[in-house]
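Take a look at the structure below.
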Amino acid sequence: MPVVPSVLDAVTVHAEGALCTRLLSVPSEGGRFPAEVRIEGLPLSLRVGSLRARVVEGPAGLVVRGIQPLFDVRLPTEADLPAERHALERAERARADVSARLEQTRRDIQELMELKPTALPNRKGEPPRQTPLSATLALAEFVDAELSALSSRRLELEREERDAQAELDLRRARIREQSGAARGQRAQLYRAAVLSLAGPLTSEGPARIALEYAVTGARWVPTYDLRLPRSLQDGTLRMRASVLQLTGEDWSGVRLSVSTADLERRAEVPELKALRIGRSQPPPPRSGWREPAAGLDELFAGYDSAPPPVRPRKPMSPPAAAPKNMPDLRVGGGSAPRDAVANIATYGAMDGAMPVPPPPPRAPAPGGGLPSPSRPAAPAQAIAPASSRGGGMMRNQEKSKKRSAEPAPKELLMEADEPSFGGEPEMALDDEGGAPSPSQDVSEPRLEVSESLLDYQQLTLMSAEVPGARGRLRPRPTDASRELLALTAVRVQVDVVTLLATQEQRARGIHNVPAPTWTVPPRESAQHFDARFEVEARAEVPSDGAWHTVPLLAVPVGLVAEYLCVPSVEPRAFRTLRIENRTAHPLLAGPVDVTLGEEFLMTSPLPTLAPGATQRLGLGVEEAIKVARNTRFDEASGGMFGGNTLLTHQVLIDVANRLGHRVTLEVQERLPVVPPSEKDIKVDEAEVAPGWQKRALLPGETVVEGERAWRVALQPGESQTLKATWTIKIPAAKMLDGGNRRT
């Protein structure tokens, strides 16, 4: 089977996950394409159920008939390992060598310190012996000299050990900082796929095939870049995408696009059922499903009549120690789950021990299918009446002795190279407690088609050794993938399960990385509609778990500069920008980096803009526009016989433009609002110059009762005074809550 190299060409990053497209060129040898090709180097984060392939260029009628996912293990040679990996190994060897020499030096020092002169004991009846002073002094001088030399050597080795540890930490840090896809390892595990081609396989030129697959561990958030001149008259808004991925492969030179759609969402067309008036009719057959052919079991008549092949038995090996959580399978030790027995048989066969018989077969479910784990199996028939139990037990013992001398039947042996992951049908025992009879007469009613039987990727063809289900498609057991992974791990000596779990954990780590300030997830800002944005040029996004900013496109928007001031709250003018979305797609919420002239101004949040919508973007305080607010209050009696109190409020607002260009300033003021329950209070606008009007609100802004606004145009260096007077009329015997003065 030829191995065809592939190149990652396009990536679409969704709200969670990404969809990758690889291109491969299948050459023709001798004017003919191979029936199967193998693609290697796919990432571990690949979701097997998302594999799709199509022919992009090739002869008419050439199609991809099947895709089989596999694992690929690469063992690079010494020359293929990165330089950082070699440097790390050298640092580890240097650190181990220095540590060994230092430990030996410390042992020598300890032995020297234990050297002490020992006086011989005096014998009874003899005079005391003279102490060998010269030998004692010589020993002390020797110990002092050696300890001095060894202490100096120990200090030198400790310094070398610290340097070696620092070098080792540096090399490990550099390895961690590298991309996760380019990290050098002795054994690397990848995904692989085998494509089966069909159609006219004869051709002179190569064929191009596109392979699509979904991966986890990728996300993106929108950001913007706004460049404005000093006058705020024109500007350029560019949309960017901050992409983060830990998929295990670098995206180098790919056509990148981002989407707000959810990769996990199903996009199947619903089936609308017709409503008819008349007699009830059976439902029409589901498309994509065909009932099993009649007489399917007769095809296996020759298989059943053939004697089972005799296989050489493997030599028995001493039983391995049972794990801590292993169930007790001894006679009288309690009943063990059948799944546990099957797992023990499988792992015993992989370890080279004698195969353990699988659990007893179970009865077939109605319709020829396997019984569901959640549905209890049919009860077995009674073994023997209570009055004849003794004789039945004796006959059973004699039969068991005869059967023990016979070779084990084929269906009770499980080999590592032929694992069986399908469940066995249950069978009832005969009246004498004999072996299960596979030739039971089981009626097969019409099989009810469910959603699981239409998912062809999760179906498997049952073995001929499974009566009642042989030759039929049934859902694959959930534990099949784990056992397949276990067998694969034994064959290639790589812990596949651990590596897959590690990759999944690394992929989930993207949610622990904090997003940039003011960013909003695309699913929240897109609301009920999805959009896709294409990157203008090919992009580079390494698999390092960091945010990378990629420019998307220049957004044609309408920009109108306005200055806003609320003197009663803050006597300063603020720069604002009215942004109108003139595109056919929405602008998602996110942060905007504003550059004024050649200087960075600030980062401001931008709300979601639907096509044709307008929003206001704040740009901070404008110090060159001066605002001053002065108030005057008069209280007098009015009305007939002085029964009312007139509270006159006058507001004078002075504004001045110190900029070098014309500005439009909106000054907001608020009139007192009378509650509907107060009938005795009235507010009259006496004098307003120039005239004001109610403020026009933009989508998303809150309505403020009694709000008024002046819109004035100020030329460079121009000053203007705004004046407003209103009168509050209340009964003379009452007073406003909080005081009559309201300015």
Just grab the label-to-label distance for VAL63 and VAL674, each label 7 Å out from Cα along the Cβ direction, in nm (one decimal).
8.1 nm
With the Cα gyration tensor of segment 625-731 in hand, give its eigenvalues times 5 under a square root as the equivalent ellipsoid semi-axes, listed largest first in whole angstrom.
32, 18, 9
Rounded to one decimal in nm, the spacing of the 7 Å Cα→Cβ label points at ALA732 and ARG93 is 10.9 nm
Quick query: amide H of ALA241 versus all other amide H atoms, modeled in the peptide plane; which residues come in under 5 Å with a sequence gap of 5 or more or a different chain?
THR223, VAL550, LEU552
What ranking of GLU29, GLU707 emerges when the number of other C-beta atoms within 10 Å of each C-beta is taken as an exposure proxy, fewest first?
GLU29, GLU707
Across segment 692-708, in residue order, what do the Karplus-derived ³J(HN,Hα) couplings come to in whole Hz, using 6.51 cos²θ - 1.76 cosθ + 1.60 with θ = phi - 60° and x for Gly and Pro?
10, 8, 5, 6, 7, 8, 8, x, x, 7, 8, 6, 10, 5, x, 7, 10
Test of understanding: what is the full-extension gain from VAL621 to VAL48, defined as 0.36 nm times their sequence separation minus their Cα-Cα distance?
200.8 nm
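Between GLU114 and GLU156, take the C-beta separation as r, use R0 = 22 Å, and let me know the FRET efficiency to the nearest 0.05.
Values: r = 23 Å, r/R0 = 1.05.
That gives a FRET efficiency of 0.40.
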Per-residue HN-Hα couplings for segment 134-139, Karplus 6.51 cos²θ - 1.76 cosθ + 1.60 at θ = phi - 60°, whole Hz, x for Gly and Pro?
5, 5, 5, 5, 5, 5
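Arrange PHE533, PHE142 by Cβ neighbour counts within 10 Å, fewest through most, would you? Don't skip to the end; give the middle numbers.
Values: PHE533 18, PHE142 12.
Final ranking by Cβ density, sparse to dense: PHE142, PHE533.
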Estimated vicinal HN-Hα couplings, Hz - segment 521-530 in sequence order (Karplus 6.51, -1.76, 1.60; Gly, Pro = x)
x, x, 5, 7, 7, 6, 6, 9, 10, 10
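With Cβ to Cβ distances under 12 Å as the rule, what net charge do the other residues near THR645 carry (K, R +1; D, E -1)? Walk me through the numbers on the way to the answer.
Working: positive: LYS682, LYS729, LYS734; negative: ASP634, GLU635, ASP680.
Overall, the nearby charge balance is 0.
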Quick check on segment 635-697: what are the equivalent-ellipsoid semi-axes from the Cα gyration tensor, as sqrt(5λ), descending, whole Å?
34, 16, 8
Amide H neighbours of ALA531 under 5 Å, counting only residues 5+ apart in sequence or on other chains, H built in-plane at 1.01 Å?
THR260, ALA261
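Show me the trypsin sites (Lys or Arg not before Pro) within segment 205-282 that DSSP assigns to loop and that have at most 11 other Cβ atoms within 10 Å of their Cβ.
On the way: sites: ARG208, ARG219, ARG227, ARG230, ARG238, ARG240, ARG255, ARG265, ARG266, LYS273, ARG276, ARG279; in loops: ARG230, ARG265, ARG266, LYS273, ARG276, ARG279.
Qualifying residues, ordered by number: ARG265, ARG266, LYS273, ARG276, ARG279.
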What FRET efficiency comes out for the pair VAL560/GLU598, r = Cβ-Cβ distance, R0 = 25 Å, nearest 0.05?
0.65
Counted neighbours (other Cβ, 10 Å), sorted fewest up, put TYR224, TYR190 in the order TYR190, TYR224
For the table LYS694/LYS734; LYS682/LYS723; LYS679/LYS729, the rows whose alpha-carbon distance is greater than 19 Å are LYS694/LYS734; LYS682/LYS723
Taking a crude spin-label model, label points 7 Å out from Cα along the C-beta direction, the GLN130 to ARG582 distance in nm is 11.8 nm
Relative to the Cα centre, what is the charge dipole magnitude of segment 625-731, using +1 at the beta carbon of each Lys and Arg, -1 at the beta carbon of each Asp and Glu, and rounding to the nearest 20 debye?
340 debye
Using modelled amide H (1.01 Å from N, peptide plane; none on Pro or chain starts), what sits under 5 Å from the amide H of ASP544, excluding residues fewer than 5 places away?
GLY180, GLN245
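Laboratory data are not the source of any read-out in this text; all were calculated from the coordinates shown. Quick caveat, the model's predicted, so the values are computed rather than measured. Cβ coordinates were reconstructed from backbone atoms using ideal geometry, including for glycine residues, and neighbour counts include every protein chain displayed.
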